[in-house]
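Read the structure below first, then the notes.
The values are calculated or read from the model by the stated rules, or taken from the named source; none is laboratory data. Quick caveat, the model's predicted, so the values are computed rather than measured. Backbone-built Cβ (ideal geometry, glycine too); neighbour counts: all protein chains shown.
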Amino acid sequence: MLTFTYSRSEMVHDALFVLSNMKKLKIRASILTYNSLLYNLRHFDIMWGIYNEITDGKVHPSEQTDSIITDGLWRQSLFQEAVEFLRETDRKDTRTNVVSFNILMSGFSKLGYVDISKCFFCLMFKCGLLPDAYSYNILIHGLCVAGSIEEALEFANDMENHGVESDLVTHNIIVKGFRLLGMMGGAGKILQRMLQKGLNPDIVTYNILVCGHCEVGNVDEGLKLHEEMLSQGMRLSNVSYSFLLRSLCKSGRVAEGLGLFYRLDNVFLKPDHMIYSILVHGLCKQGEVERAIQLYQQMCMKRVSPKAFAQRSILWTLCEKGSITEARNFFDRIINCEFVDDIILYNMMIHRYAKVGAIQETTQLYMKLLEKQIAPSLVTFNSIIYGFCKAGIVADARRWLGIIKVRGLIPNAITYTTLMNAFCEEGNTQAMFELLGDMEARDVLPTHVTYTVIMKGLCKQKKLQFSVRLLKQMFSKGLPPDEIAYNTVIQSFCEAQLLKISILLHNQMFLHNLKPSYVTYNILIDGICRYGNLRNADELLSSLQDQDFQLSKVAYTTLIKAHCAKGDVHKAVILFSKMMDMGFEISIRDYSAVINRLCKNCLTKDAKLFIRAMIYNGVSLDHQVCSVVLRSFDHVGDTNSICELLPYMMKCGLLPV
């Protein structure tokens, strides 16, 4: 009894001491005592010493002994030894039992070897053993996890054919199998079968069903099941509540999620950090950052340990949508008050400062990182380099490349590309190519963006043929150029007045299954309008309209200005009307651009038409438009038009000066 009690209390050394004294007193320990010891030692090699004592003495091992040894070998990852032990016990006597087989089947199923589990299942019959419900459940579970739901159902039917009653566990396993495949219709059929057999769904069944429906986006069914549970006095687990809340937030129903959250107290469930984090993230996604902060503070007040996910969600939202001051205040609060050492939070704040070129604040945060002995990541350095480049301090940005290497980090394609682009913008293509050489020496593979930057540099040097050659090289290197790369080269050829090559490159995009975007056509239309035949630009626009291609407003305004400059006011008016029909927002700038062109060409009558259209469409006049038009009217001596325009100016609140 004393040895057994020590074993049950996991006081193994005390149990072994008592067992040793029993031997001295020649008191024989029972197999139950040995089994209890073996069970607590099954994770360690010492179990063999106990087992040898059993086999060397006069105590006969039981089926439980063999099961414990088999389980111990499996837990110690001695898979082959476990199988050999099963064979040995089978050869020595007929002690082989269902439990030992179940242990091996369960182990191989967990490792993903369901076929081996099936072999052991068949071997049980050959050994004269009948599988029990647990045996079938192991195999059915393994098949469900492997996605073989049909075979799992076959085994469930075979189970009943052999007189083994399928229980609630069996049905829950199959329901979970359907959930893993996202087939909640099949799960519903199993539920109906359960009810027909007189088996009532338990809390496990409901949790599986709620999570499954939420995963496939049917949150309403999940909520319905939740209410059904509450009516039966059951409650979901925190995990299932997390699924419900995540699904509600994902579909934009954050208010419902909050309502469900505030009901948790009524079901005596304590929200954990995951539940709070999901709601905080949901509020942040909707831009309700103030409410998210309030919920975060409530989380801290209730002594629920805040996790990084909630903090990151709030800080990211403040950085992207709020002011930089608000973001910094929140950052300082969590860093100083809660002793947080999350590098991602630092990276967010550093990147926010870098985006606005606030170099001093960026470097101060970097120094703070080092003071707190938090290792900066490559993301940290990439943001700092980006900040220096944004501020135009490219030489200092390059020095940070050396600091990265000193810190034992390897610069990646983003690091090099950011620097290369900054040097390219400065016109320092030599430094850009030096960085490319360093990149290749370190076996850092260039990306689409890297090649686009290089092409931009080549185009700035007027090495257009080299840029085309680089486009071809990208295909050979398994990095087919994207639309931005083509647009970069097409624009350069347009600026060089080589429109035919620009159009050939445009056609080449289709050959490589790459669809030109509205930006591509903005570049082409602008190039044709500047250096080509305006009729070609009109034909291109008409062709795209026939294909229902969604052009941008820029394409229309470019053509309208070009026709005004050529004196074809009628065509400009038609294009302006089309632009309005397309639903684009027409501003004072659009009108003034056309009016300025018309006045410049002394087409005052046409300018008057556009002014009337402006007033008719509710676009207010401004001083700049009025000054240009009045000067034009004065130039041609059109006093009546001047007198006609002045009242409209007064109506728009513009006092003549």
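Observations on the structure shown:
- Residue within the range 408-420 that is over 22 Å from VAL356 (Cβ atoms), touching a Gly at 6+ places or on another chain (Cβ under 9 Å) and hydroxyl-bearing (Ser, Thr, Tyr) present: no
- Selection of the range 47-72 for residues being within 13 Å of ARG28 (Cα to Cα) and either modelled with pLDDT of 85 or more or outside any helix (DSSP H, G or I) (or both) yields GLY57, LYS58, VAL59, HIS60.
- Among (1) surrounded by fewer than 21 Cβ atoms within 10 Å (Cβ to Cβ); (2) under 30 Å from ASN97 (Cβ atoms); (3) hydrophobic (A, V, I, L, M, F, W, C) - the single one CYS144 does not satisfy: (1)
- For the range 324-346, the candidate set comprises residues that are polar (S, T, N, Q) and modelled with pLDDT of 90 or more; within that set, the residue that is farthest from SER305 (Cα to Cα) is THR325.
- Looking across the range 212-221, the residues that are more than 19 Å from the chain's Cα centre (by Cα) and buried (at least 21 other Cβ atoms within 10 Å of the Cβ) come down to GLY212, HIS213, VAL219.
- Residue check, PHE85 crowded, with 16+ Cβ neighbours inside 10 Å, of a type in the set (Phe, Trp, Tyr) and either modelled with pLDDT of 85 or more or not in a helix (DSSP H, G or I) (or both): no
- Answer residue from the range 1-15, given it is in contact with a Leu (Cβ under 8 Å, 6 or more places away or on another chain) and surrounded by fewer than 22 Cβ atoms within 10 Å (Cβ to Cβ) and is farthest from ALA29 (Cα to Cα) among those: VAL12
- Taken together, the residues in the range 100-128 that are surrounded by fewer than 17 Cβ atoms within 10 Å (Cβ to Cβ) and not basic (Lys, Arg) amount to 10.
- All positions within the range 30-46 that are assigned to a helix (DSSP H, G or I), among the hydrophobic types (A, V, I, L, M, F, W, C) and either within 51 Å of the chain's Cα centre (by Cα) or surrounded by 18 or more Cβ atoms within 10 Å (Cβ to Cβ) (or both): LEU37, LEU38
- Matching residues, the range 1-29, being under 52 Å from the mean Cα position of the chain (by Cα) and among the small types (Gly, Ala, Ser): SER7, SER9
- Looking only at the range 1-29, residues that are outside any helix (DSSP H, G or I), under 21 Å from ASP71 (Cα atoms) and of a type outside the set (A, V, I, L, M, F, W, C) come to 2 in all.
- Lone unmet requirement of (1) in a helix (DSSP H, G or I); (2) within 20 Å of THR452 (Cβ to Cβ); (3) in contact with a helix residue (DSSP H, G or I) (Cβ under 6 Å, 6 or more places away or on another chain) for GLN508: (3)
- Output for the range 455-496, where each listed residue is within 15 Å of GLN508 (Cα to Cα) and of a type in the set (A, V, I, L, M): VAL468, LEU470, LEU471, MET474, ILE484, ALA485, VAL489, ILE490
- Options ALA358, ALA308; residue that is small (Gly, Ala, Ser) and either crowded, with 19+ Cβ neighbours inside 10 Å or modelled with pLDDT of 90 or more (or both): ALA358
- Residue match in the range 467-483 (condition: at negative phi, of a type in the set (Phe, Trp, Tyr) and modelled with pLDDT of 90 or more): no
- Annotation: of all residues in the range 426-445 being within 32 Å of the chain's Cα centre (by Cα) and buried (at least 16 other Cβ atoms within 10 Å of the Cβ), the one that is farthest from CYS389 (Cα to Cα) is VAL444.
- Note on the range 122-144: residues that are of a type outside the set (A, V, I, L, M, F, W, C), in a helix (DSSP H, G or I) and in contact with a helix residue (DSSP H, G or I) (Cβ under 9 Å, 6 or more places away or on another chain) total 6.
- Qualifying residue in the range 280-303 (condition: among the hydroxyl-bearing types (Ser, Thr, Tyr), part of a helix (DSSP H, G or I) and within 16 Å of CYS337 (Cβ to Cβ)): yes
- Residues of the range 428-451 include at least one that is farther than 18 Å from ARG398 by Cβ, in contact with a Pro (Cβ under 8 Å, 6 or more places away or on another chain) and not in a loop (DSSP other than H, G, I, E, B).
- Subset of the range 222-235 [of a type in the set (A, V, I, L, M, F, W, C) and either surrounded by fewer than 15 Cβ atoms within 10 Å (Cβ to Cβ) or closer than 16 Å to ASN200 by Cα (or both)]: LEU225, MET229, LEU230, MET234
- Here ALA422 meets each of (1) in a helix (DSSP H, G or I); (2) hydrophobic (A, V, I, L, M, F, W, C); (3) surrounded by fewer than 18 Cβ atoms within 10 Å (Cβ to Cβ) with one exception, condition (3).
- When the residues of the range 402-421 are filtered to those that are among the aliphatic types (A, V, I, L, M) and more than 29 Å from the chain's Cα centre (by Cα), the one that is modelled with the highest pLDDT is ILE403.
- Residue among GLU227, GLU256 that alone is acidic (Asp, Glu) and in contact with a Leu (Cβ under 6 Å, 6 or more places away or on another chain): GLU256
One line per residue, one yes/no per condition, for (1) out of contact with any Asp or Glu (no Cβ under 9 Å at 6 or more places or on another chain); (2) assigned to a helix (DSSP H, G or I); (3) in contact (Cβ under 8 Å) with a residue 24 or more places away in the chain; (4) surrounded by 15 or more Cβ atoms within 10 Å (Cβ to Cβ):
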| site | (1), (2), (3), (4) |
| --- | --- |
| ILE523 | yes, yes, yes, yes |
| ASP526 | yes, yes, yes, yes |
| SER543 | yes, yes, no, no |
| PHE584 | no, no, yes, yes |
| ARG589 | yes, yes, no, no |
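- Identity of the residue in the range 559-582, part of a helix (DSSP H, G or I) and among the small types (Gly, Ala, Ser), that ends up modelled with the highest pLDDT: ALA562
- Across the range 222-274, the qualifying residues are those that are part of a loop (DSSP other than H, G, I, E, B), more than 24 Å from the chain's Cα centre (by Cα) and of a type in the set (S, T, N, Q), and the one among them that is farthest from ALA310 (Cα to Cα) is GLN232.
- Residue list for the range 403-419, filter: closer than 16 Å to LEU436 by Cβ and not in a helix (DSSP H, G or I): PRO411, ASN412
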